[in-house]
Structures are given as structure tokens and as C-alpha cells.
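Colleague: Just dropping this structure here.
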Amino acid sequence: MKNIYHLLLFFAALMMVQQTAIAQGPDAYGYQWRTSGDVDGPVVDWIDISTIGTEVSGLADDNSAAFVPMGMDFNYYWSDYDQMKIGSNGWLSFDNVSNISHCFPAVPTPGGNGDNLVCPLMGDLNFTGVGNPGKVYYHNDGAGKFIVSYHDAPFWVNANPAYIGSNTFQAVFDSADSSITFN
């Protein structure tokens, strides 16, 4: 009984620490990051672009689509970008990076060629196979936000069909304050 009591105290203390978490950073360039569980953290605010966004074509297993225009300039670290590469494995890049797949690279990368990655859910996702429900959309809202939404993107598996599960997530790039929010 005493061990159960100590275990309950431990979990209660852990929950209190988690509720009072604070933002991390800033890094050397002023960026900081927060979760929705942090004090003054972001609130999940899903922006549904499934009916108004442009569907990304050509995504398969372990590949990326051609650059898409963002329709705005977005400042990320030391540069402004107006286009983005969308990867099938849940990554986005401002650079013309090659395929990024499992085993995923550590960032920063040697030589810096893969450093401008934004990874809302980097995983071994798959957009191929009969009946695969995965889709990706992008949209500029006309008010300074560029949104990329992955809908029902399944994981790759070595089976038939070659996918399983469902992941829906998005990244919102706000040019007003150079923030990136993951939903």
C-alpha cells in the first residue's frame, strides 16, 4: 500500500510540473517553442482547407512534390522564402532538398543542405496504394498565413496494402510574426 501511495504522489507531482511548463528557448536566433500544454502556449486552431486548398499531386512513398508558391514572403531564420517543398514523409522545406526518408537525418545536417526543414510529423508516411486515403493540401489565406494540411496520411508498412493508420496534421506559417504553428 505504501508503494502505491508513493506512486500516486509521483504522478501528481509530475502532472503539476507538466502544467507549469514554460516555453523553451530562445535559440541563438531568437526562436522559441511552446506546446499547447505550456503556460501561454498556443491553442489548437485547426484551419480547414480541404475544400479551398490546392491538393498536392505526385506524392507517393518517400518522395516530395515540386516547389509550391506560398503567395507571400516568410522569414525563416536568416532568409525570406516564397516557395516550399512538401515531402511525403511529413516534412516541409524551403530548400530543394533531396528525398528525406527513414532513417531520418539529424538536423543540422553535414554541409547544411537539409537544415531548412520544418517537420510537423516526420514519419514513414505513404501516399500510394489502391484506396489510400492520404491527401495533402496547401493554401494562402490572403491574410498572411500559408497552411499545409496532411489529411488521413497513413504510415508505410511492408504488407498489402502498403499503408496503415491515419494521421491528420497541419503547419501554419504566419508572415506577420514569422511564427510556425503545428496543429
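The values are calculated or read from the model by the stated rules, or taken from the named source; none is laboratory data. Just so we're clear, the structure is a prediction, and the values are computed from it rather than from any experiment. For neighbour counting, all protein chains shown are included, and Cβ atoms are generated from backbone atoms with ideal geometry for every residue, glycine included. Note: accessible area is taken over every heavy atom of the protein model, side chains too, but ligands, DNA and RNA are not part of it. Shrake-Rupley method; radii C 1.70, N 1.55, O 1.52, S 1.80 Å.
Colleague: State which residue pairs qualify: first residue part of a strand (DSSP E or B) and inside the range 125-137, second residue of a type in the set (F, W, Y) in any location, beta carbons under 7 Å apart, and separation of 6 or more residues or different chains.
Modeller: Sorted first by the residue in the range 125-137, then by its partner, the pairs are L125/F155; L125/W156; N126/F155; N126/W156; N126/Y163; V136/Y150.
Colleague: Among the residues of the range 143-183, which ones are free of Cβ contacts under 8 Å to residues at least 12 places away in the same chain and within 16 Å of D73 (Cβ to Cβ)?
Modeller: Result: A143, D177, S179.
Colleague: I would also like to ask the following. Take the residues in the range 145-177 that are open to solvent by 30 Å² or more (accessible area, probe 1.4 Å) and of a type in the set (S, T, Y), then tell me which one is nearest to I47 (Cα to Cα).
Modeller: Ranking the candidates gives T168 first.
Colleague: Mind listing just one residue for me: the one in the range 60-95 that is more than 18 Å from A176 (Cα to Cα) and of a type in the set (S, T, Y) and, of those, surrounded by the fewest Cβ atoms within 10 Å (Cβ to Cβ)?
Modeller: Only one residue fits best here, namely S93.
Colleague: Something else about it: Let me spell it out: the conditions are (1) at pLDDT 95 or above; (2) open to solvent by 30 Å² or more (accessible area, probe 1.4 Å); (3) under 15 Å from the mean Cα position of the chain (by Cα), and V136 meets all of them except one. Which number is the exception?
Modeller: (2)
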